[in-house]
Amino acid sequence: MRKVLVALALIGASSVPLGVFVAVNAQNETPTVQKTTKPQLERQTAVPWTGSPLQFEYPNRDETLKIPEVFRALKIGKGSRVADIGAGGGWLSTRLARQVGPTGTVYAEEILPRYVSFLQERARKEKLPQMKAILGTTADPKLPNDLDAVVILNAYHEFDKPLDMLAKIKTSMKPGARLGFIERDNPDLRREAEAAYRATGRIKRRVTEQSDGDEHTDDHRLALPIVEREAAAVGFRKVGAMQLREDHYLLVVEKPLAR
């Protein structure tokens, strides 16, 4: 696989105040472009969650993820057309549906048919006809075109084919539309990812890229610079980043305007 790597500056957890969205000045940004004939993506991906769709319905999650700030950063409002990739049980999709209102649409995407059925029933019970469940695949979320925004909440680290998925997502978005990644990491994971990139020139979690044997630890976290580079590799432009609570971060990228 031949790809182009675009290295973006890391916004570290220690340098970004909690809840402050740091935008990138495109005029001052000078990304490094590196071509390679070797596979670009060599990092591990986590095993997808297949348990209860309600696993992540817990108190104070809105505050932990600073959902109103996330919606503002992604410019999600009344009438927006938005996709929630890896929607699970619909915790975020229902909030998005209320945010966009009856004139908007939320596409809640999942790869498990039983989750899609659960999402359909939840939308019916909560009287949210603007929330539409979609059955995707590990390489294609099967989204409609002309989306205003896309959100991936704690699911990107589970993507089996992340670059293929990002390319498909980008195709479904309007020029200027925003994509938000919410993931978890810590300073050590960021340092390891940067060291791996310096040593190998490729996108990896660490130089050795060996599992720690526990699927519930860093396999389900993903360092910010990894997501930045993968998004850039398929042509997204970085807008900014924000540190959330409990090691979560928000990365916002956008599909460039047509020239």
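None of the figures in this text is laboratory data; all of them are computed from the coordinates on show. Because the structure is predicted, anything quoted here is derived from the model rather than measured. As a convention, Cβ positions derive from the backbone with ideal geometry for all residues, glycine included, and neighbour counts pool all protein chains shown.
When only Cα pairs below 8 angstrom with a gap of at least 6 residues are kept, the stretch 93-216 shows a relative contact order of 18 percent. Full extension of the chain between residue 258 and residue 62 gives 67.1 nm of extra length, using 0.36 nm per residue less the Cα-Cα distance. Annotated for the stretch 72-211: lysine pairs at least 8 residues apart or interchain, Cα distance under 26 Å, count 29. Sparsely packed loop sites in the stretch 131-192 (the trypsin sites (Lys or Arg not before Pro) outside DSSP H, G, I, E and B with at most 15 other Cβ atoms within 10 Å) comprise 142. Near the amide H of residue 81, within less than 5 Å, lie the amide hydrogens of 105, 148, 149, all on another chain or at least 5 residues away, with H placed in the peptide plane.
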